[in-house]
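Only one structure is covered here, and it is reproduced in the block below.
Every read-out reported here was derived from the displayed coordinates using simple, explicitly stated rules and does not represent laboratory data. Since we're looking at a predicted model, the values are computed, not measured. Every residue, glycine as well, gets a Cβ built from its backbone with ideal geometry; the counts of neighbours run over all protein chains shown.
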Amino acid sequence: MSGDPLDATERDVVVVGAGAAGMSAAYAAARAGCTVTIIDANPVAGGQYHRRRIDAATYRPRGCDDEAVWRRIHIESATTVYAVEIIDHGTQRIFGVRTRGDDRHRRDVDLVRARRLIIATGAYDRPLPVPGWDLPGVMTGGGAQALIKGSGVLPGNRVVVAGTGPFLLAVAQAILEAGGSVAAVVEANDPVALRRHRSALTNVGKAGELARFITSLTRHRVPYLRRHRVTRVHGDTTVTGVTLARVDASWHATPGTDRFIEADTLTLGYGFTAQTDLPAQLGCTLQVSADEGLAVTVDDDQATSVTGVYAAGESTGVGGVDLAGIEGLLAGAAVARSLDHPSPLRDEPALRRSRDRMRAFADALATAFPLRSGWRDDLEDDTVVCRCEEVPAGRIRNAITELGAHDARTVKLLTRAGMGWCQGRVCSLAVDRLCPRSATLDGQARAATRPVAIPVPLGAVADINLQSRRES
Amino acid sequence: MPEIIIDGRAVTVADGVTVAAALMSEGIRSWRTTRIAGNPRGVFCGMGVCFDCLVTLNGEPNVRACITPVEPGDVIDSQQGTGHDGGVS
Ligand SMILES: Cc1cc2nc3c(=O)[nH]c(=O)nc-3n(C[C@H](O)[C@H](O)[C@H](O)COP(=O)(O)OP(=O)(O)OC[C@H]3O[C@@H](n4cnc5c(N)ncnc54)[C@H](O)[C@@H]3O)c2cc1C
Ligand code: FES
């Protein structure tokens, strides 16, 4: 490999992420005649929703079934894009896409050149801290699902599924289907609000799915506890149970409603965080979406504010797998057009309309399952908030009340919360919401700006920096 | 079905599973202790984001168990702290 972007292989398009969005985007672009490489961190294509075992059949998005097109697409699995640089030569813009191998091959760095970049990096779970959440046996809903889908292993013997949003039902369903036992589904909000959206649900084809989830809970006699929260996790070296409480609309626990449930596993998830590392790094405009999280801003063509960079799927806001696929097709088509290829899509206006309808529905759904603040009451001084640097809530509160920190960035500098391995991906929401100045676009965007998307061995980066300097 | 070694013990695990899933299917839920408090950790995010599941794989510390597929002959050791102090629990 060479560290010089001008020597690297050039593709018309590099797509980052092989989920529904990235695979659909790649297919549309390749079908139109572009040369396409997909780079994905997972060992096999599929992303979160279509995660599968490595020995399972290859993932193909709906409607993308011309194998001749797939043969022209190069998929680089088990490879992470850790940085992208922009090189402008007169009117020509080229992206230098820096990659790193998986954890067995983390010194294998490489470089691919691209004329266009499509970001389809998806999302990850949004957990909130609770006393005991750092015990083995507590994991995110997506983590539990990934164990089942990716390896056929149950997360535990008796699971409490907690947090908020329809995804809780999907997690419970996955566990039940795999033969596991769910002690309860604990929903902090009151999804009665969802009824208002019944016609929208039917419109986007989600009503049937939700009804199936509910039926399955009933059949397995799994209680669906609305307006409840897990306020404490019990156990010494692993989870032995959780305390639940009824909560009000702001998620504050109602005194006297505590109840202990025996369980060896707890899953947590309060929605998702869009994976915006690369767009933030590239300077793409970000926005706060309906779920209060960050997302990349895109126009009608899925183009970001940075020329040549497009985005599709959950990185532009959480909206479900079908929306991700449509956005991917539209992004692939737009990229192809920008490279003077005809659109590969038969009815683009109809796809755009579906996209807009599904996006509006996703926003409505996010408002039906809002993020409230009552969870903060549970945190004791010694409750770990930043799992990597082991920063307890007491130290964060001290930074705010005694040292005058107003925002997450100052708290981070004073306490190291968010400075560890995960670079704040897990704790930044909680740290932000503990601060007096919180939920701002600016503050969240700053927390999401990471110099590299994944740690790269120093030797490898040093080599690359030298090379980049030589070009400029 | 790949044969691997977990903390010095030879086991056979299912095909196509991750290192984390292999450990969990052996009833192991924690394979790392944290740097500061020495607390046990295992899988948390399950998708490569949180770095809680770090493990020593074939002598190389700090490998994310949740996104690394098992290969035959793998030697998996639980790790303590930074993973560079040696020592298998
Ligand atoms: C845990 C989880 C579970 C979900 N379950 C459901 C569900 O049951 N039903 C539903 O409708 N929706 C679900 N969703 C929403 C779901 O994300 C979408 O439905 C769908 O998977 C989105 O597709 P995507 O292509 O946008 O992203 P994803 O499917 O998330 O794919 C993104 C891909 O990009 C890769 N990637 C990210 N960053 C990089 C990088 N820097 N370099 C290389 N590769 C990278 C990731 O490894 C991943 O493979 C879930 C989301 C999550 C996070
Ligand atoms: S469990 Fe989060 S990185 Fe493996």
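Measure out, as a whole number of angstrom, how far apart the alpha-carbon centroids of the stretch A:60-138 and the stretch A:278-343 sit. What the calculation gives is 14 Å, centre to centre. Compare the Cα positions of A:Leu379, A:Val426, A:Ala393 along the charge dipole of the stretch A:374-439 (+1 at Cβ of Lys, Arg; -1 at Cβ of Asp, Glu; about the Cα centre) and return the one farthest towards the positive end. Going by the Cα projections, it comes out as A:Val426. For chain A, the share of DSSP beta bridges that are antiparallel, to the nearest 5, is 50%. Computed over the Cα atoms of the stretch B:3-79, what is the ratio Rg over Rh, Rh following Kirkwood? We get a ratio of 0.93 for the stretch B:3-79.
Just how many % of Cα pairs in chain A lie over 35 Å apart, if you round to the nearest whole percent? Of all Cα-Cα pairs in chain A, 32 percent lie more than 35 Å apart.
Peptide B:16-23 is shielded by partner chain Cβ atoms: per residue, an average of 6 of them sit within 10 Å of its Cβ.
Return a whole-number percent for the relative contact order of chain A, with Cα pairs under 8 Å and 6 or more residues apart as the contact set.
The normalised contact order for chain A reaches 18 percent.
Per-residue 3J(HN,Hα) values for the stretch B:71-80, derived from phi via the Karplus relation 6.51 cos²θ - 1.76 cosθ + 1.60 with θ = phi - 60°, read 10, x, x, 4, 10, 10, 10, 5, 10, 10 Hz in sequence order (x marks Gly and Pro). When peptides A:71-77, A:394-400 are ranked by their average number of other Cβ atoms within 10 Å per residue, the highest-first order is A:394-400, A:71-77.
Normalised by residue number, the volume inside the convex hull of the Cα atoms of the stretch A:127-270 is 107 Å³ per residue.
Nothing charged except the Cβ atoms of Lys and Arg (+1) and of Asp and Glu (-1): what's the magnitude of the dipole of the stretch B:3-79 about its Cα centre? Round to the nearest 20 debye.
400 debye
Label sites at A:Thr367 and B:Thr12, each approximated as a point 7 angstrom past Cα along Cα to Cβ, lie 5.8 nm apart.
Within chain B, what percent of beta bridges assigned by DSSP are antiparallel, to the nearest 5? Counting only bridges with both partners in chain B, antiparallel ones make up about 75 percent. The residue among A:Gly152, A:Ile86, A:Ser343 whose Cα reaches farthest toward the positive pole of the charge dipole of the protein assembly as shown, with charges on the beta-carbon of Lys, Arg, Asp and Glu, is A:Ser343. 3J(HN,Hα) couplings calculated from phi for the stretch A:304-311 with the Karplus curve 6.51 cos²θ - 1.76 cosθ + 1.60 (θ = phi - 60°) are, in sequence order, 7, 6, 9, 3, x, 9, 10, 9 Hz; Gly and Pro show x. Size descriptors for the stretch A:374-439, from the alpha-carbon set: Rg then Dmax equal 10.3, 28 Å.
With contacts taken as Cα pairs under 8 Å and at least 6 residues apart, chain B reaches a relative contact order of 32 percent. Projecting the Cα atoms of A:Val161, A:Pro136, A:Thr215 onto the dipole axis of the stretch A:127-270, where Lys and Arg carry +1 and Asp and Glu carry -1 at the beta carbon, places A:Thr215 farthest toward the positive end. The dipole here belongs to chain A: it is taken about the Cα centre, uses +1 on the Cβ of Lys and Arg and -1 on the Cβ of Asp and Glu, and is about 860 debye.
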